[in-house]
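Asks: This structure is in structure tokens; I'll ask about it shortly.
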Amino acid sequence: HESLAGKLPDGKTKLDDPDLAAICGKCTQHDPESRYQTAQDLADDLGRWLEGKPVKARPVSLRERVSKWARRNPLAAWFAGVVAALLLAGIAGLLWSNAAIRAESNRASANAAEAADERDKAYRRQYQAEMLLAFQSMRDGQAGRAVDLLDKHRPENGYEGRPDLRGFEWFHLWKLCH
């Protein structure tokens, strides 16, 4: 059929194949150094072409190399595809999980900062309320109670790590008590 029609049964000529065209081109090079050095080199390249392997007559891209390998080894290519898909799914899952963990960590940090701010506000309100009680206690003649309230806010009495809020009012009441 080929010799009569010059074409393959699928309608293509043999030279439509870039590998075969490269082999023919290498055979017909003007420069002898560019041709196959031996008939065995030509036979080996033709054998590679018949087997669907990359030929030495032209450089083959990685994409073509993988495509030819997949056509020669469909089952292995299928398994490689499944493994690649599973790896990509696993990586995507890890990235999603990492993003979720970071978001939760950021929320926890924000909550911790908000809680610390609320504790600080509560401590300031407590201080103000106790200064008012200490003043009222002094006014009512209960100096002992006023000293107890004032003493709670001395830094050496358990309020470590909190700001020293003692101002004029504390020192004034302290002098009145002593």
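Asks: Do you know which residues across the range 143-170 are surrounded by 13 or more Cβ atoms within 10 Å (Cβ to Cβ), among the charged types (D, E, K, R) and not in a helix (DSSP H, G or I)?
Replies: Matches in the range 143-170: K152, R154, R162, R166.
Asks: Here's another thing I want to ask about it. Would it be correct to say that D140 is over 50 Å from the mean Cα position of the chain (by Cα) and either in contact (Cβ under 8 Å) with a residue 24 or more places away in the chain or loosely packed, with under 14 Cβ neighbours inside 10 Å (or both)?
Replies: Criteria met by D140.
Asks: Now for a different question. Take the range 123-137 and flag every residue that is open to solvent by less than 50 Å² (accessible area, probe 1.4 Å) and either outside any helix (DSSP H, G or I) or of a type in the set (F, W, Y) (or both).
Replies: Within the range 123-137, Y123, Y127 meet the criteria.
Asks: What are the residues in the range 24-65 that are open to solvent by less than 80 Å² (accessible area, probe 1.4 Å), among the aliphatic types (A, V, I, L, M) and under 25 Å from A77 (Cβ atoms), if any?
Replies: Once the filter is applied, which keeps residues that are open to solvent by less than 80 Å² (accessible area, probe 1.4 Å), among the aliphatic types (A, V, I, L, M) and under 25 Å from A77 (Cβ atoms), the range 24-65 yields L46, V55, A57, V60.
Asks: Looking at the range 112-120, can you tell me whether even one residue there is surrounded by 11 or more Cβ atoms within 10 Å (Cβ to Cβ) and within 30 Å of D151 (Cβ to Cβ)?
Replies: Checked against the condition, which is being surrounded by 11 or more Cβ atoms within 10 Å (Cβ to Cβ) and within 30 Å of D151 (Cβ to Cβ), the range 112-120 yields at least one hit.
Asks: Does L176 satisfy the criteria of being open to solvent by less than 40 Å² (accessible area, probe 1.4 Å) and assigned to a helix (DSSP H, G or I)?
Replies: Spelling it out, it is not the case that L176 is open to solvent by less than 40 Å² (accessible area, probe 1.4 Å) and assigned to a helix (DSSP H, G or I).
Asks: Determine if the range 66-83 includes at least one residue that is in contact with a helix residue (DSSP H, G or I) (Cβ under 6 Å, 6 or more places away or on another chain), surrounded by 11 or more Cβ atoms within 10 Å (Cβ to Cβ) and closer than 30 Å to A21 by Cβ.
Replies: yes
The values are calculated or read from the model by the stated rules, or taken from the named source; none is laboratory data. Keep in mind the model is a prediction, meaning the values are calculated, not measured. Cβ atoms come from the backbone with ideal geometry, glycine included; neighbour counts cover every protein chain shown. The area values use the complete protein model at the heavy-atom level, side chains included, leaving out ligands, DNA and RNA. Shrake-Rupley method; radii C 1.70, N 1.55, O 1.52, S 1.80 Å.
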